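Comments concern the structure below.
The values are calculated or read from the model by the stated rules, or taken from the named source; none is laboratory data. Worth saying up front: this structure is predicted, and the values here are computed from it rather than measured. Every residue, glycine as well, gets a Cβ built from its backbone with ideal geometry; the counts of neighbours run over all protein chains shown.
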Amino acid sequence: MNRNFFQTFRKAYPLVYKPVWKENLLLSFVDIFHGLSFAAVVILTQRFFDSISEGIAGTAARKEVIIAAAALIACQIVSQLLNGFVNFYADVVREKGYGRICVLLQEKVSRLRPVDFEKNSFLTNLEMADQGAKDACEMVDTANSVITFYVPYFMLMGIYMVRLDWGLLSALLLVFLPVLFTNLVKMHFGDRIERQIAPVRREAEAYERPLTTLENYRETRVLGAAWYFLRLYREAVGKWNQTAWKYRKREAAINLGLNCFSFLAYGGILLLLVSGCVRGDISVGAFAAVFSSIDVMFLLMEEIFRDSLGCLSQNMGRVNNFLNLMESPESRQVSVEMKNGTISFDDVSFRYPEAETDCLKHVSFRIADGETVAVVGENGAGKTTLARILLGVYPADSGSVTIGGVVLDEKTNCFHSVSAVFQKFNRYKLSLEENVRISDLHSTENWEETLRKVDSGWKTDFQADAQTVLSRDFDGVDLSGGQWQKIAIARGIYKKSKILLLDEPTSAIDPIQESRLYQTFLRAAEGRTCVIITHRLGLAKIADRVIVLKEGKVVENGSHKELLERGGEYSRMWEAQAGWYLS
Amino acid sequence: MKKVYVLDAVKIVFQADAAAAGFFLLLRFLQALVPTLQTLSVAGFIDQVTAAGRSGVHNRGLLFFILILVALVAFNWLSKSITGLLEQHMEMRLRTTFKSQLVEKISRLNYDAMENGRVRDQISRVNKDAEKRIREAYARLLRLLELILKAAGVLIILFTQVWWLAFFILAVSVPCFYISMKSGKEDYDAQADVTKVNRMNEYYNEMLKGREYVDERTVFGYHREYRERFLQQYEEARKYTTGIRLKWFIKMKAGSMAVIAVSAAALAVMIPLTLDGVLSTGMFVALMNAIFGIVQNMSWDLTYSIDRVAWYQNYFRELSEVLSMSEDQTITDGKKSAESKEKEAAVFRTLEFRNVTFRYPGTSPNILKNLSFKIDAGKKYAFVGANGAGKTTIVKLINGLYPDYEGEILVNGEDIHHFERGFLSNVFQDFARYPVSVRENITIGRKDQVSEEELLQVVREVGLDNTVERLEDGLDTVLGKVKEESLDLSGGEWQKVALARCALSKAPVRILDEPTSAMDPVYENEIYQRFQQISQGKTVLLISHRLASVKMSDFIFVIADGAVAEAGSHWELMEKNGLYRTMYEEQAKWYEKDREGGEDIHES
């Protein structure tokens, strides 16, 4: 969904403002005085200069001059203190707010539909949401400070200058117009110029990557291909420079024109002041005070437009991504406790978003409570998708899924009663204990006992204790793929559940340990329904029953022995794999 | 390589682009003089106006000062666009010289630098936008100089008027300046403490939002607990950085308070002098404006500039560390290695490990322990063993990625260090996907030395011909997502590209590293078969833990705990009744037809 600026602003503003409204109010309150103090300094400077002129002329007493000087110094001090406070506190408010927004976003993400994570448009929103949230905070910040700082400052300056001389009102206009114009032009051309340069820059960066990042470093090294990519890189840099120079020159010419315009405006103000001063319309003090503040006026005006136009042009898109995510539909939120571990699929079909064909086609089967069932099939047969639907992570597009007697609909989920070892299990950069217990944080079960079931010698094996973080990033240790897989298995078993799903649980484990683990699976399966997804048919053999998937359909369903005798898909796969071990 | 400091930015920039850097310096210098000249002309102008006010006559002097003021404003605005362009020019030149050299340096580093996460991060920090960093450091140094010149200008004017006041101000400001300079560095050091917490929090955020965590996050439902932990840590880190920033602000504002105090003192001295007519009104007004202008500069620019310079100081420290990392001495440029490849191909006879002991740099356990084996030309070898037994490490050593080990690795009886790597060709499990055309991906810079027939032959052999036909530009289709017109292949197709790359190689020794574990075993077996086909007549090394894939090899090395536990052909090893047989039977047992169910698994 694309919103225009005002819609985005109206949506984002309260979202960001609310969690830290007290802090925001305080900030705004102080900021008003901050803005006013900037203008007051100018006014008091004039007073002071006037009084000293009068002092010289003999029309004012020394004491009056001193008082004017003291007032100016006091105002400078107050102004600087306010400036310090506002700048400091604005960061505090923004960061505090950002933390709250992050949590809000995390909470929202936890309720989103997992299937949406397969959608490209959703992923763009997700990727940009963090930055978008940050941008939203900045947007609110900018809007607030325009109202509470810049507006009071320019209003007071305006009133002051008008009271000095009506003609000076045009000076304000002379600040406003060139800055607005400059920023609009820059926004227009800046974007275009960056877009022209971006492709050549990306090309050079792509050639740089095989040379400087781990990804392809090893192969580049052993191929001796570094010289080749260096050549490509140098050529691309040449092209990049050529393009960049062409556009940078143009950019500089535009800038020169714009600066000429600003100079004319600045010169105009100067002449206004000079002529007023020479004619005696404004005092020498007023001339000096206003003249010294022209720079500040330009600077502040520049800030207004740069920040707010920045919000308008680049950041708006990302704020929009953030809002889109905050408004994305949510998934099953009602957790239902299952009575037992029966599973029933009735005519279930499923298609990934943005896919052209169904991944699962009219899948029906039944699994009794306490049964151990293997699901086999080649890559791309739909095994992992079946697992996700069975666990209730994805909803079926059509047909119905019944777990433990409860039909899963749009509202209910069965997450309390299921556990799993995923094929792409996560390697949490947390402590070893957390890595196991994360599946059930409220359980008081002894997690070390669970880990021992998977690997009796884990303490020496992992060279880690309970609190060792399993990542070098956080001063911990790195584990091998096989060791990680054991942790993932322990994690899946640790959670008390009616149903346990194992998706390729031994892919990273070497054959000797694999056999031992099968025993662990059998023990873990005691008292629960166990579904094992695998393309190692040896593992399928330990199951009570085998379901064979092919191209999203259930093609066979029966015990290992039955299926071998049938001579269908399963026996074909079996022959292929067993053939390797025949003499 | 000698150490580089932030001041070296000046040298580097001048080496890259002396003209632009010099011109930039000149403009910056002139810009720094503007406020001083402006102060003088405002003083002159006001004095003229006051004088005219008294006498009622305007003279030429007034016009002169107005013209100077206008000229200064014009210079200020117009020079801005020129300095901007100069900055771009310097950056471009730095990109072709400095940055390219840096990239080359990084591409030649010892391999272990890349495998060490900490060093890798440092390299990427230094390398990212390096040309911009150097240019910015230069500009930042000049900015600091400009601020000092500005203040000096005002002081000099003051000196001509009330000399002792200038000395007084100088005496007060220099210590202030020194203190803020010093604490800038302390801030940087303090900042480092909080980065770990921040990284941790970034990670929590990733856990709670990332795509790869969605399955476990949903099923295990740990998000509430970790969200709370995130917020708690976030607040902790925030309060910490807020504390640091508070110090920063206090320091900054203390600076401007000091300047205000000095200005107040100056006022107290100058007011009587002005009233007594020692100081002209114009000079007084202009000086006051200049001094209050410095209050503004002091509060933001100076503190910020000093902080940035301190930051760049750290950047340059890391940069000099990267520049001083040792390079892999065996790397040669393309031409030479292409020539000698033929020679190598002709002479390869044996590859031998003699009592090799190896541990990864910076770690304690030995991965290889007194490992010895010998490979003869023309035969097929396999390395099998459990995870972590050291199989992949052997491949890394053969490829010379880690040149430091105990014992000897010999090629044709000579130290492997004397040889170029041209005699080896690898297919890694994490094969490279280069952002160039299919043709370039296969030939890797040897496009001109490979005939079209040869290439097409290889493409057919690995079964990539169908894919190539499907592609619009055939072999010249650019892969990856770099250019607009490029497209990406599937994982399997990429795997075939990697095989083709290897097949085209004339290297006499070929290595296939264990394919990824998540691969379908049927497909994995196919890759082993295909690899064997394209490697007819070559010396072949297969790495695997799936024994069935390698049993056709002439010779099998069973690697256990960093050493060769057993060696021989499949049949020899089966007869030996050792580790290999145990492993093989363990795997084969699952496919025996006569046994049923899971009950008897544990008997063997």
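Taking the stretch A:541-583 as the range and being at the interface with another protein chain (Cβ under 9 Å from one of its Cβ atoms), under 22 Å from A:ALA525 (Cα atoms) and either of a type in the set (Gly, Ala, Ser) or part of a helix (DSSP H, G or I) (or both) as the test, the residues that pass are A:ALA543, A:HIS560, A:LYS561.
Residues B:ILE294, B:ILE331: which one is modelled with pLDDT under 85, in contact with a Lys or Arg (Cβ under 8 Å, 6 or more places away or on another chain), outside any helix (DSSP H, G or I) and not hydroxyl-bearing (Ser, Thr, Tyr)? First the steps, then the outcome.
Details: B:ILE294 fails: outside any helix (DSSP H, G or I).
The conditions single out B:ILE331.
Taken together, A:ASP116, A:ASP91, A:ASP135 contain a single residue that is within 18 Å of A:ARG318 (Cβ to Cβ) and not hydrophobic (A, V, I, L, M, F, W, C), which is A:ASP135.
With respect to the conditions (1) crowded, with 22+ Cβ neighbours inside 10 Å; (2) out of contact with any strand residue (DSSP E or B) (no Cβ under 9 Å at 6 or more places or on another chain), A:GLU449 lacks only one, and its number is (1).
Would you mind finding the one in A:LEU430, A:LEU391 that is in the same structural domain as A:ASP510 (by TED's automatic domain parsing) and in contact (Cβ under 8 Å) with a residue 60 or more places away in the chain? Quick ask: steps written out before the conclusion?
Values: A:LEU430 fails: in contact (Cβ under 8 Å) with a residue 60 or more places away in the chain.
Within the list A:LEU430, A:LEU391, the selection yields A:LEU391.
Look at (1) away from every other protein chain (no Cβ under 11 Å); (2) in contact (Cβ under 8 Å) with a residue 60 or more places away in the chain and you find that B:THR39 fails only one, number (1). Evaluation of A:ARG318 against the conditions (1) part of a strand (DSSP E or B); (2) among the basic types (Lys, Arg); (3) within 30 Å of A:PHE6 (Cα to Cα) shows that the sole unmet condition is (1).
Across the stretch B:433-450, what is the total count of residues that are more than 10 Å from chain A (Cβ to nearest Cβ) and modelled with pLDDT under 85?
Of all residues in the stretch B:433-450, those more than 10 Å from chain A (Cβ to nearest Cβ) come to B:437-439, B:441-442, B:448-450.
Still in the list and also modelled with pLDDT under 85: B:448-450.
Selection size over the stretch B:433-450: 3.
Determine which member of the set A:ALA204, A:ALA171, A:ALA129, A:ALA133 is small (Gly, Ala, Ser), in contact (Cβ under 8 Å) with a residue 24 or more places away in the chain and touching a Cys at 6+ places or on another chain (Cβ under 8 Å). So that I can check it myself, show each step before the final result.
Values: A:ALA204 fails: touching a Cys at 6+ places or on another chain (Cβ under 8 Å); A:ALA171 fails: touching a Cys at 6+ places or on another chain (Cβ under 8 Å); A:ALA129 fails: touching a Cys at 6+ places or on another chain (Cβ under 8 Å).
Only one candidate qualifies: A:ALA133.
With A:PHE149, A:PHE181 as the choices, which residue is of a type in the set (Phe, Trp, Tyr), within 14 Å of A:GLU303 (Cα to Cα) and not assigned by TED's automatic domain parsing to the domain that holds A:LYS18? Walk me through how you get there before you give the answer.
Working: A:PHE149 fails: not assigned by TED's automatic domain parsing to the domain that holds A:LYS18.
Testing whether each residue is of a type in the set (Phe, Trp, Tyr), within 14 Å of A:GLU303 (Cα to Cα) and not assigned by TED's automatic domain parsing to the domain that holds A:LYS18 leaves just A:PHE181.
Annotation: of all residues in the stretch B:388-405 being part of a loop (DSSP other than H, G, I, E, B) and away from every other protein chain (no Cβ under 11 Å), the one that is farthest from B:THR330 (Cα to Cα) is B:GLY390.
Just checking, does the stretch B:218-235 include any residue being in contact with a helix residue (DSSP H, G or I) (Cβ under 7 Å, 6 or more places away or on another chain), of a type in the set (S, T, N, Q), more than 7 Å from every other protein chain (Cβ to nearest Cβ) and under 29 Å from A:PHE38 (Cβ atoms)? Checking the stretch B:218-235: not a single residue is in contact with a helix residue (DSSP H, G or I) (Cβ under 7 Å, 6 or more places away or on another chain), of a type in the set (S, T, N, Q), more than 7 Å from every other protein chain (Cβ to nearest Cβ) and under 29 Å from A:PHE38 (Cβ atoms). The single residue among A:PRO114, A:PRO178 that is within 13 Å of chain B (Cβ to nearest Cβ), closer than 30 Å to A:GLY257 by Cβ and either touching a Phe, Trp or Tyr at 6+ places or on another chain (Cβ under 6 Å) or of a type outside the set (Lys, Arg) (or both) turns out to be A:PRO178. Kindly indicate whether B:LYS132 is crowded, with 18+ Cβ neighbours inside 10 Å and at pLDDT 90 or above. Against the criterion (crowded, with 18+ Cβ neighbours inside 10 Å and at pLDDT 90 or above), B:LYS132 does not qualify. Residue under question is A:ARG231, and the condition is that it be surrounded by fewer than 17 Cβ atoms within 10 Å (Cβ to Cβ), modelled with pLDDT of 90 or more and over 30 Å from the mean Cα position of the chain (by Cα); does it hold? Criteria met by A:ARG231. When the stretch B:422-432 is filtered for residues that are more than 7 Å from every other protein chain (Cβ to nearest Cβ), part of a loop (DSSP other than H, G, I, E, B) and not acidic (Asp, Glu), only B:GLN429 remains. A:ASP295 - would you say it is in the same structural domain as A:ASP544 (by TED's automatic domain parsing) and either surrounded by fewer than 19 Cβ atoms within 10 Å (Cβ to Cβ) or more than 30 Å from A:LYS11 (Cβ to Cβ) (or both)? Criteria not met by A:ASP295.
Inside the stretch A:160-192, residues that are modelled with pLDDT of 85 or more, more than 21 Å from A:ILE282 (Cβ to Cβ) and among the basic types (Lys, Arg) make up a count of 0. For the stretch A:368-383, a residue qualifies if it is of a type in the set (Ser, Thr, Tyr) and away from chain B (no Cβ under 13 Å), but none of them does. Within the stretch B:26-55, the set of residues being over 16 Å from B:VAL154 (Cβ atoms), surrounded by fewer than 18 Cβ atoms within 10 Å (Cβ to Cβ) and modelled with pLDDT of 85 or more comprises B:LEU26, B:LEU27, B:PHE29, B:LEU30. Only one of the numbered conditions (1) under 30 Å from B:LYS253 (Cβ atoms); (2) surrounded by 20 or more Cβ atoms within 10 Å (Cβ to Cβ); (3) out of contact with any Phe, Trp or Tyr (no Cβ under 6 Å at 6 or more places or on another chain); (4) at pLDDT 90 or above is violated by A:ILE77, and that is (2). Within the stretch A:329-340, does at least one residue satisfy the condition of being outside the structural domain of A:MET187 (by TED's automatic domain parsing) and assigned to a helix (DSSP H, G or I)? Scanning the stretch A:329-340 turns up no residue that is outside the structural domain of A:MET187 (by TED's automatic domain parsing) and assigned to a helix (DSSP H, G or I). Taking every residue in the stretch B:461-479 that is farther than 13 Å from B:LEU489 by Cβ and pairing it with any residue that is surrounded by 17 or more Cβ atoms within 10 Å (Cβ to Cβ) and of a type in the set (S, T, N, Q), at least 6 positions away or on another chain, the pairs with Cβ-Cβ distances below 6 Å are B:ASP476/B:SER437.
Exactly one residue among A:PHE122, A:PHE49 is touching a helix residue (DSSP H, G or I) at 6+ places or on another chain (Cβ under 6 Å), crowded, with 18+ Cβ neighbours inside 10 Å, at the interface with chain B (Cβ under 7 Å from one of its Cβ atoms) and not charged (D, E, K, R), and that residue is A:PHE49.
Residues that are at pLDDT below 85 and more than 10 Å from chain A (Cβ to nearest Cβ) within the stretch B:236-250 comprise B:ILE244, B:LYS247, listed in sequence order. Annotation: A:LEU258 fulfils all but one of (1) touching a Ser or Thr at 6+ places or on another chain (Cβ under 8 Å); (2) within 7 Å of chain B (Cβ to nearest Cβ); the unmet one is (2). Of all residues in the stretch B:552-563, those that are in a strand (DSSP E or B) have Cβ atoms under 6 Å from Cβ atoms of residues that are of a type in the set (Val, Ile, Thr), 6 or more apart or on another chain, in B:PHE557/B:VAL564; B:VAL558/B:VAL384.
Is it fair to say B:LEU471 is of a type in the set (A, V, I, L, M, F, W, C), surrounded by fewer than 20 Cβ atoms within 10 Å (Cβ to Cβ) and more than 14 Å from chain A (Cβ to nearest Cβ)? Against the criterion (of a type in the set (A, V, I, L, M, F, W, C), surrounded by fewer than 20 Cβ atoms within 10 Å (Cβ to Cβ) and more than 14 Å from chain A (Cβ to nearest Cβ)), B:LEU471 qualifies.
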